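Below is one structure; the comments refer to it alone.
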Amino acid sequence: MLVALIAAVVSVFSGLAICDALRHSAVPHTAHDVVIWWPLLIYGPWVVASLSILRAALHQRRAVHSWSIVLLFSTLATLLCVAQAPRTLTAQAAATLPAIAALACFQQLVRQITLTRPPRQPTPRHRNSRPSPAPKLHYGA
């Protein structure tokens, strides 16, 4: 539970830290009334894919497509923030930190879920699943 709380707090603070940079990246090309919603275009798919990953983890299923969405939008957020940051090493590092921290915390949360849940026992496909008899081989006469 503590891991989930920390991951949620880091994700929220990450989103708040990135909001201004994402809005500034949209200003020259986007109408003013749309700019305020611009961060939602990055973090909306990220949140939806994250929820899909959590659901898959709880049901012990793979979520390759959702992970690719999370990675894509984390990369986009990072690149847009780096583009808005001053050209100093510390500013560039600070620009990458929020998106990377949110991604790392989320990955650790998913890992915590998948490692603490015992694997499901394979269930037979049919109720009366009996092994079929071995085929009899006839050798030439």
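The values are calculated or read from the model by the stated rules, or taken from the named source; none is laboratory data. Since this is a predicted model, take the numbers as computed values, not measurements. Counting neighbours? That spans all protein chains shown, and the Cβs are built from the backbone with ideal geometry, glycine included. Surface accessibility is based on the protein's heavy atoms, side chains included, excluding ligands, DNA and RNA. Shrake-Rupley method; radii C 1.70, N 1.55, O 1.52, S 1.80 Å.
Give L79, L115, L58, L89 a once-over and let me know the one that is closer than 18 Å to S14 by Cβ and not β-branched (V, I, T).
L79
Got a number for residues in the range 19-45 being in contact (Cβ under 8 Å) with a residue 40 or more places away in the chain and touching a Phe, Trp or Tyr at 6+ places or on another chain (Cβ under 8 Å)? Let's see the steps before the verdict.
Initial filter on the range 19-45 (in contact (Cβ under 8 Å) with a residue 40 or more places away in the chain): 21-22, 24-25.
If we keep only those that are touching a Phe, Trp or Tyr at 6+ places or on another chain (Cβ under 8 Å) too, we end up with 22, 25.
Matching residues across the range 19-45 total 2.
What single numbered condition from (1) more than 20 Å from C105 (Cα to Cα); (2) at pLDDT 85 or above; (3) small (G, A, S) fails to hold for A31?
Evaluating A31 over (1) more than 20 Å from C105 (Cα to Cα); (2) at pLDDT 85 or above; (3) small (G, A, S) leaves (2) as the failure.
With respect to V110, is the statement that it is of a type in the set (A, V, I, L, M, F, W, C), open to solvent by less than 80 Å² (accessible area, probe 1.4 Å) and either at pLDDT below 95 or more than 30 Å from H24 (Cβ to Cβ) (or both) true?
For V110, the condition - of a type in the set (A, V, I, L, M, F, W, C), open to solvent by less than 80 Å² (accessible area, probe 1.4 Å) and either at pLDDT below 95 or more than 30 Å from H24 (Cβ to Cβ) (or both) - is met.
Please pick out the residue among L54, L22, L80, L71 that is part of a helix (DSSP H, G or I) and open to solvent by 60 Å² or more (accessible area, probe 1.4 Å).
Only one candidate passes the filter, namely L71.
Looking at (1) in contact with a helix residue (DSSP H, G or I) (Cβ under 8 Å, 6 or more places away or on another chain); (2) part of a helix (DSSP H, G or I); (3) open to solvent by 90 Å² or more (accessible area, probe 1.4 Å), which is the only condition A17 fails?
The single condition A17 does not satisfy is (3).
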